[in-house]
1. Go through segment 17-49 and count every residue that is crowded, with 18+ Cβ neighbours inside 10 Å and in contact with a Ser or Thr (Cβ under 6 Å, 6 or more places away or on another chain).
2. Does segment 143-151 contain any residue that is more than 21 Å from residue 61 (Cβ to Cβ) and crowded, with 23+ Cβ neighbours inside 10 Å?
3. Give the residue, chosen from 222, 231, that is in contact with a strand residue (DSSP E or B) (Cβ under 9 Å, 6 or more places away or on another chain), closer than 30 Å to residue 36 by Cα and without any contact (Cβ under 8 Å) to a residue 40 or more places away in the chain.
4. Could you pull out the residue among 331, 305 that is modelled with pLDDT under 95 and among the acidic types (Asp, Glu)?
5. Would you confirm whether or not segment 42-53 contains a residue that is more than 19 Å from the chain's Cα centre (by Cα), part of a helix (DSSP H, G or I) and not charged (D, E, K, R)?
6. Among the residues in segment 326-334, are any of a type in the set (Val, Ile, Thr) and part of a loop (DSSP other than H, G, I, E, B)?
7. Looking at segment 350-363, which of its residues are in contact with a Phe, Trp or Tyr (Cβ under 8 Å, 6 or more places away or on another chain) and farther than 18 Å from residue 5 by Cβ?
8. Residue under question is residue 339, and the condition is that it be out of contact with any helix residue (DSSP H, G or I) (no Cβ under 9 Å at 6 or more places or on another chain), in contact (Cβ under 8 Å) with a residue 12 or more places away in the chain, part of a helix (DSSP H, G or I) and not hydrophobic (A, V, I, L, M, F, W, C); does it hold?
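The values are calculated or read from the model by the stated rules, or taken from the named source; none is laboratory data. If you're wondering where the values come from, they're calculated on a predicted model, not measured in any experiment. Cβ placement follows ideal geometry from the backbone for every residue including glycine, while neighbour counts extend to all protein chains displayed.
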Amino acid sequence: MIEYENLKKVNQPYLDEMVRVSKEAMESGWFILGERVKAFENDFARYNGNKYCIGVASGLDALTISLKVYNFPEGSEVLIPSNSYIATVFSILHNNLIPVFVEPDIHTYNIDPLRIEENISPKTKALMIVNLYGKSCDMDSILSLSKKYNLKVIEDCAQSHGAKYKGKKTGTFGECNAFSFYPTKNLGALGDAGAIVTDDSALANKAYELRNYGSKIKYYNDSVGYNSRLDEIQAAILSVKLQYLDKINMHKRNLADIYDSNLKSDFIKPVREKNYFDVFHIYAIMHERRDELREFLLKNEIKTEIHYPVPPHKQNALSELIKLKKIKVPEEGFPISEEIHKKILSLPISSFHSESDILKVTKILNEF
């Protein structure tokens, strides 16, 4: 059986180092916001090309606090892709803001810059773009629109650790940007963890305050904050794995090359473009008979995933808001997003997979 993911195998190469640093953290007796968190924050900021990194408890918290630092008026609108993971939507709702869905580009799966302008209104305050599956968005077009309409840009980098656009890493284009270190990410913790990155000292200081009960000084609370703190053990583990992130990304790019070179044209493969350095958190194909294909692969002992089976505007969590017209959904829905969600299939591309694994997967795929 070729598994889609196996976190035991993913972490096996780093196990001795992770055990050592975890033991050191436990023996130190300091478990929250200590020297290991500071060390990881400094290392990740340096790696990504940011001045500041603020470790938080999850990717959702990173997105929520990234929006919170701006203190937008209640009911302000934030533009997001209509095919994003639900966390992007929830971060906006947790801030009492309105998500406005923009259709993606059918080829890249990222927000379509050509459709952004038609969705901007006087209430629009920000663009929350999502670098989906490990591919950067078209940042030249997005930054041009943000400048034209005076909009803040927040990058959801949950899936794009180390990805680049024109040589510059994701998380360095927006003013305040969010990462997830969920265990399956290219840089994954052994539990939930996240981070906010920025070059703005005022935004960084606000984020530091918000993650820790709105407090700069213990027991003195200046704002209504959160309990969202990256813990010492996860930070130590992430510091170990950060040293190998570029190697992991290159391995996954190599596996993607094998798919690209060997898969028949029956399958719609990810777009590879000159100015984009994709890191393939997910290698997603599209196929008209996706469900049949998935069943065929499983019968041939190949596991796959669907990212994601249900678009945000069809989730039960949003149904009441849509019914009350607090979230706008056109009568025709979002046909591009719905087509992607209906046809998308994620193939095995983990750091533990070998070239022979991927060659076997392509062979079986081509027999479908």
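1. 1
2. First, pick out the residues of segment 143-151 that are more than 21 Å from residue 61 (Cβ to Cβ): 143-151.
Cutting the leftovers down to crowded, with 23+ Cβ neighbours inside 10 Å gives us none.
No; the residues of segment 143-151 include none that is more than 21 Å from residue 61 (Cβ to Cβ) and crowded, with 23+ Cβ neighbours inside 10 Å.
3. Numbers: 231 fails: without any contact (Cβ under 8 Å) to a residue 40 or more places away in the chain.
Every option except 222 fails the conditions.
4. On the way: 305 fails: modelled with pLDDT under 95.
Only one candidate qualifies: 331.
5. Yes, segment 42-53 contains a residue that is more than 19 Å from the chain's Cα centre (by Cα), part of a helix (DSSP H, G or I) and not charged (D, E, K, R).
6. Filtering segment 326-334 for residues of a type in the set (Val, Ile, Thr) gives 327, 329.
From what's left, part of a loop (DSSP other than H, G, I, E, B): 327, 329.
Checked against the condition, which is being of a type in the set (Val, Ile, Thr) and part of a loop (DSSP other than H, G, I, E, B), segment 326-334 yields at least one hit.
7. 362
8. Numbers: out of contact with any helix residue (DSSP H, G or I) (no Cβ under 9 Å at 6 or more places or on another chain): yes; in contact (Cβ under 8 Å) with a residue 12 or more places away in the chain: yes; part of a helix (DSSP H, G or I): yes; not hydrophobic (A, V, I, L, M, F, W, C): yes.
Here the answer is yes, as residue 339 does meet what is asked.
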